[in-house]
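First comes the structure, then the notes that go with it.
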Amino acid sequence: MEKGWREITAGALIFEPGSSVAYETGTWRAVYPVIDMAKCNYCLDCWIYCPDGSIMVENSRIMGIDLKHCKGCGICARECPQQAITMVEECKE
Amino acid sequence: MATRYVVGKAMALEGDVVVAEAMRQINPDVVAAYPITPQTEIVQTFSGFVADGLVDTEFIAVESEHAAMSACIGASAAGARAMTATCGAGLALMWEMLWCASGMRLPIVMAVVNRSLSAPLNILTDQTDMMGCRDAGWVQLYGENHQEVYDNAVQVLRIAEHPDVMLPVMHGLAGFVLGHTVGRVEILPDEAVREFVGEYKPAYPLLDLDHPVTIGAFDHWDYFFEHKRQQWQGMENALRVISEIGEEYGKLTGRRYGLVEPYLLDDAEVAIVIIGSGAGAVRVAVDEMRHAGVKAGMLKIRSFRPFPGAAVAEALRGREAVAVLERSSCFGGEGSPVFVEVCTALSRRGISPKLVNYIYGLGGRDTVPAEFCQVYRDLLQIAASGDAEPVFRYLGLRE
């Protein structure tokens, strides 16, 4: 964040792949998804539909939500065939 | 030892064909364009060159000017030399993409056959189109006659691709007045142009798969401002580079180019500042006024972006009264785009001739030497009386 205009690439070129990981789109979120693992059948539709790759999966098992990048769009909750995902408002206990 | 210049072949060509000829000689990798009067002849002639196998260019016939500029941006980002041409409403439709080209620092070049903007519907020349995108981050040059149009067309790539500039460049020529009239022009040998223009070696082409790069990245409050600051620097550097390339071109051809061109200005008491083809008629007016004993002169501006403030101010230092002639519709300002620049350039350097602003020739209206002579007579009166009111005036308008 602190580099001056002479130290950065012209035209905002980026040479390292995967730099979008460094941009934490989770700060945009107003609601966040909560998965009821008792209802989940591991179809992974949420993982397929998530535009931000925020459904964390290991060995075909959902391990959690990457809240640093989840924008709270709610697509996962809408698409879940088991209706296992609920969107919960931020700032509410 | 006498200097020897490369000898061109004298030809009689329409201005649009002159541009197409230069494009043929340059042999760009990609041309993406859409026809629009009075630019159509450029695209039409060049697509003929493509069909006849005279160039290796990939010609993309697109569905709009927005698409033309988008395709040029993609091609240039891929590492190609990309060119297009447009005018008037076509340039207006490109507007969004003009900023993408300059912000991504892509050295695209484009001829703009200056045309008014409707409505009322008008296809004839004025400079409202290019003045409308003066802040889009493109270098803007203007040609006065067929030879300058050709010489600009050959030089613009070198300016755009210069590592200290890396900005797109548009060069204007008056629609119909230059574009569709036949003029004498010396066309350089193909080899001379190709040698002058040289081979383009893009620094970070998308197609270099061994060195992947992201182009057009997301850039918010954190670095956007700094990237814009770099564009200011590119523009400032362009002031130097335009002159250097113009000098180098002069050594090759005998025709030197700078940022401005004075005509009988050194001892002038009254002066006209003008851009583009209107300068031809002003030269005649200057000669007539000189014949009548009036110390009249002209300053023609070749580069409007970047604006050569220092050169303009130095050229106008010592004049008693100056008229800035503007061929564009520009409503609601203190003055027209060129007038405002000239005023600022003079004011910053403490030079204060009497200044007036004339709008002329909108929508293709002819402005003849007699009318410019009247401007000089107005200036003499202003110099004598010290009264420049009204500052904003119209030349050749029926009251």
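Below are the figures for this structure:
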item	result
Point-charge dipole on Cβ atoms (K/R +1, D/E -1) for segment B:287-399, about Cα centre, debye to 20	380
Alpha carbon centroid spacing (whole Å) that separates segment A:1-44 from segment B:1-65	46
Size of charge dipole - the protein assembly as shown - debye, nearest 20, with Cβ of Lys, Arg +1 and Asp, Glu -1, no other charges	880
Amide H contacts under 5 Å for B:I108, placed H, 5+ residues apart	B:V169
Qualifying lysines (Cα of each under 21 Å from Cα of B:K228; at least 8 residues distant if same chain)	A:K3
Long-range amide H partners of B:L355 with built H, under 5 Å	B:V322
Lys, Arg +1 and Asp, Glu -1 on Cβ, resulting dipole of chain B about Cα centre, debye, nearest 20	860
Helix B:65-78 axis, angle to chain B major axis (alpha carbon atoms, nearest 10°)	60
In degrees, nearest ten, helix B:224-253 long axis to first principal axis of chain B (Cα)	80
P(r) of chain B over all Cα-Cα pairs, binned every 10 Å from zero, in whole percent	5, 23, 33, 25, 11, 3, 0, 0
Top of B:M97, B:M289, B:M166 by mean-square fluctuation, Gaussian network on chain B, Cα under 10 Å	B:M289
Pairs from B:K9/B:K251; B:K251/B:K295; B:K201/B:K300; B:K9/B:K201 whose Cα-Cα separation, in the structure shown, is over 28 Å	B:K251/B:K295; B:K201/B:K300; B:K9/B:K201
Selection of GluC sites (Glu not before Pro), segment B:138-245, meeting DSSP coil and at most 10 other Cβ within 10 Å	B:E199
GNM top mover of B:P212, B:P306, B:P107 - chain B, alpha-carbon springs below 10 Å	B:P212
Equivalent ellipsoid, segment B:260-395 (semi-axes from 5 times Cα gyration tensor eigenvalues, Å)	19, 18, 15
Amide proton proximity set for B:I272, modelled H, under 5 Å, gap of 5+	B:G297, B:M298, B:L299, B:A323
Whole-angstrom gap from segment B:80-100 to segment B:323-399, using each part's C-alpha centre	30
Whichever lysines have a C-alpha closer than 25 Å to that of A:K71, once near sequence neighbours (fewer than 8 apart) are set aside	A:K39, A:K92
Residue-averaged 222 nm ellipticity for the protein assembly as shown, from DSSP H runs of 4+ at -39500 (n - 2.57), nearest 500	-11000 deg cm²/dmol
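None of the figures in this text is laboratory data; all of them are computed from the coordinates on show. Since the structure is predicted, the reported quantities are computational estimates derived from the model, not experimental observations. Quick reminder, even Gly has a Cβ in these numbers, built from the backbone with ideal geometry, and neighbours come from all protein chains shown.
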